[in-house]
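This report concerns only the one structure given below.
The values are calculated or read from the model by the stated rules, or taken from the named source; none is laboratory data. If you're wondering where the values come from, they're calculated on a predicted model, not measured in any experiment. Every residue, glycine among them, receives a Cβ derived from its backbone with ideal geometry; neighbour counts consider all protein chains shown. Please note that ligands, DNA and RNA were not included when accessible areas were found on the heavy atoms of the full protein model with its side chains. Shrake-Rupley method; radii C 1.70, N 1.55, O 1.52, S 1.80 Å.
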Amino acid sequence: MKAKKLTALALAGIMALSLVGCGNSDSNGGTSSDNGSTSGSGSTSGSSSSSDGGSSSSSEKLVIWTLADDLKQFAERYTEQTGVECEVTVIAPADYSTKLTSALGAKSSEVDIIVGEPQMLGNFFEAGFFADLSALDADAKNQIVEYVYEAGKDDSGVLRALSYQVTPGAIIYRRDLATEIFGTDDPDEMSNKFKDFDTILQTAEEVKAAGYRIFSDSGNLRWYANAGSAWVVDGVLQVSDAKLGYMDAAVKLYQDELVAFAPEWSAAWYASMAGELPLDAGWSDLAELEGAEMTQVFAYSLPSWGALIVRDNANDNKGKFGVCSGPCSYFGGGTFIGVNTYSEHQETAADFVRFCTLNEDTAQWWLETSNGDVVSNKAVLDANQDYENESFGNQKTYEFYLKEANNIDYSVVTKYDDSIGNFWGSSIEAIQKGEMTKEEAIEDFYMQVETTFPEITVNR
């Protein structure tokens, strides 16, 4: 067996965006199931001036802390339409939680708009950092994709954050290779090739027989870690048949060399989107691998933002990709916007949140400006369902992602998902490398959960 660089398989914590929430997927019949508490006292009232095209007091200035450059563009547009000055600071994800906790833990009012990714929100809400946005609740419930609306509420059901985007996931596959291997590139037919873990293994064997590899690495399966059920239900750990199926499939993909061993974010991963890559790990220069066995990657499992990465790295393969469903509908990441509880500009700050998330003109502008981001405003997604994406074989990708987003079951998301996902991923890695048997790895997983979360009941 070739030397392999183990991909951070299933590690929900490998990147800040790897939150997963699974739900039913109509197109493939997959199992249902893919990533919070009362908070502070500051209540905001949501002025609709900017949403209605009016203007706010230009004497105010909003200070915005964000993880994403996106909000620079939103802020510029908001200033143009309202006259309100905005100062935007983009903070690296690795530093964001610490910086925000330090400032707001001291009840600082220097920042007005704050953000968080879904896996951060629970702790931020519990700490009381995000103000009450109940004034926006009725509109948000009607206008925003359901899982985004649910993700922005605390444990008591109080709305505290909203996102301008949805990040539903998909299998992104090579249409040309699909036609060569299976005689069709139809998205529905491809969904059937990825409908559950057993079928994925069968598909992987067919793809390998044709000289290719189904995924860049076995870590692609981590997005489906919550297939079947939540990790914790009523305080009890759930290791469902679907989770065990996920473990078995990940091990087999790795040990039978059914993947390309090109970890996400590696040079090999990016290069694989444009064409051939060597079946070896840790390479950085193709010239060093003359004569190496080469392959091509058939598919990637990624949230909607991943489609932009594939598009931008496909080179001559641009236009040869399509999107289809996997074992379940899931999401990963997303920027959620809220108001600092201690802000002295509560009304204007809430208006900024409304402008970014509930204004249909803004949503249509961002859909076009971003050149591919999937907005959370249902009316705008509906209005763009017939848009044909040149980068994906003229497939109607907005129609697809709206359907996937509506299938996401946010009720299976728990505050334990990141940590438990990491433990499960470590156990899978141990089996893949031959360090533990399956039984030993599962027992080690149980011990990690019990040690870290004594409040969770573990039934062996």
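If you go through region 91-109 and keep only what is within 20 Å of the chain's Cα centre (by Cα) and surrounded by 12 or more Cβ atoms within 10 Å (Cβ to Cβ), you end up with Ile91, Pro93, Tyr96, Ser97.
Every listed requirement among (1) at pLDDT 95 or above; (2) closer than 26 Å to Ala405 by Cβ; (3) touching a strand residue (DSSP E or B) at 6+ places or on another chain (Cβ under 6 Å); (4) in a helix (DSSP H, G or I) is met by Leu253 save one, (2). The set of residues in region 328-347 being open to solvent by 10 Å² or more (accessible area, probe 1.4 Å) and outside any loop (DSSP other than H, G, I, E, B) consists of Gln346, Glu347.
Could you grab me the full set of residues in region 236-262 that are on the phi > 0 side of the Ramachandran plot and open to solvent by 20 Å² or more (accessible area, probe 1.4 Å)?
Glu257
Let's see how each residue does on (1) touching a strand residue (DSSP E or B) at 6+ places or on another chain (Cβ under 9 Å); (2) open to solvent by 10 Å² or more (accessible area, probe 1.4 Å); (3) within 22 Å of Pro303 (Cα to Cα):
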residue: Cys356; (1), (2), (3): yes, no, yes
residue: Asn389; (1), (2), (3): yes, yes, yes
residue: Lys415; (1), (2), (3): yes, yes, yes
residue: Glu455; (1), (2), (3): no, yes, no
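Taking the numbered list (1) farther than 23 Å from Asp256 by Cα; (2) assigned to a loop (DSSP other than H, G, I, E, B); (3) under 21 Å from the mean Cα position of the chain (by Cα) in turn, Ala170 passes all entries but (2). Only one of the numbered conditions (1) touching a strand residue (DSSP E or B) at 6+ places or on another chain (Cβ under 9 Å); (2) at pLDDT 95 or above; (3) open to solvent by 30 Å² or more (accessible area, probe 1.4 Å); (4) not basic (Lys, Arg) is not met by Phe125, and that is (3). State yes or no: is Ser163 open to solvent by 30 Å² or more (accessible area, probe 1.4 Å), small (Gly, Ala, Ser) and modelled with pLDDT of 95 or more? When the stated conditions are applied, Ser163 does not pass them. Evaluated against (1) in contact with a Ser or Thr (Cβ under 9 Å, 6 or more places away or on another chain); (2) at pLDDT 95 or above, Asn315 falls short on exactly one condition, (1).
May I ask you to verify whether Gly157 is in a loop (DSSP other than H, G, I, E, B) and open to solvent by less than 50 Å² (accessible area, probe 1.4 Å)? Judged against the criteria, Gly157 is a match.
Scanning region 68-85 for residues that are in a loop (DSSP other than H, G, I, E, B) and at pLDDT 95 or above yields Gly83, Val84.
For Phe261, indicate whether it is among the aromatic types (Phe, Trp, Tyr) and in contact with a Lys or Arg (Cβ under 7 Å, 6 or more places away or on another chain). The answer is yes for Phe261. For region 360-373, a tally of residues being modelled with pLDDT of 95 or more and either open to solvent by 60 Å² or more (accessible area, probe 1.4 Å) or of a type in the set (Val, Ile, Thr) (or both) returns 3.
Among the residues examined, Glu429 does not qualify as open to solvent by 70 Å² or more (accessible area, probe 1.4 Å), farther than 30 Å from Tyr147 by Cα and of a type outside the set (A, V, I, L, M, F, W, C). Within region 294-327, the set of residues being part of a strand (DSSP E or B) and within 18 Å of Gly372 (Cα to Cα) comprises Tyr300, Ser301, Leu302, Pro303, Phe321, Gly322, Val323, Cys324.
Residues in region 187-197 that are closer than 21 Å to Val297 by Cβ, open to solvent by 10 Å² or more (accessible area, probe 1.4 Å) and part of a helix (DSSP H, G or I): Pro187, Glu189, Asn192, Lys193, Phe197. Does region 55-70 contain at least one residue that is open to solvent by 10 Å² or more (accessible area, probe 1.4 Å), closer than 16 Å to Thr357 by Cα and in contact with a Gly (Cβ under 8 Å, 6 or more places away or on another chain)? Checking region 55-70: not a single residue is open to solvent by 10 Å² or more (accessible area, probe 1.4 Å), closer than 16 Å to Thr357 by Cα and in contact with a Gly (Cβ under 8 Å, 6 or more places away or on another chain).
Scoring Ile113 on the criteria (1) under 20 Å from Asp69 (Cα atoms); (2) surrounded by 23 or more Cβ atoms within 10 Å (Cβ to Cβ); (3) out of contact with any strand residue (DSSP E or B) (no Cβ under 6 Å at 6 or more places or on another chain); (4) of a type in the set (Val, Ile, Thr) leaves a single failure, condition (3).
Scanning region 71-116 for residues that are of a type in the set (Phe, Trp, Tyr) and more than 15 Å from Val353 (Cα to Cα) returns a single hit, Tyr96.
State yes or no: is Trp265 under 24 Å from Ile200 (Cβ atoms), modelled with pLDDT under 95 and open to solvent by 10 Å² or more (accessible area, probe 1.4 Å)? Yes. Candidates are the residues of region 128-140 that are small (Gly, Ala, Ser) and assigned to a helix (DSSP H, G or I); the one that is least open to solvent (accessible area, probe 1.4 Å) is Ala140.
Between Val88, Val115, the distinction of being under 26 Å from the mean Cα position of the chain (by Cα), within 18 Å of Tyr342 (Cβ to Cβ) and either among the small types (Gly, Ala, Ser) or outside any helix (DSSP H, G or I) (or both) belongs to Val115 only.
Results for (1) within 21 Å of Ala307 (Cβ to Cβ); (2) open to solvent by 10 Å² or more (accessible area, probe 1.4 Å), shown as yes or no for each residue.
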| position | (1), (2) |
| --- | --- |
| Ala178 | yes, no |
| Asp185 | yes, yes |
| Val207 | yes, no |
| Asp234 | no, yes |
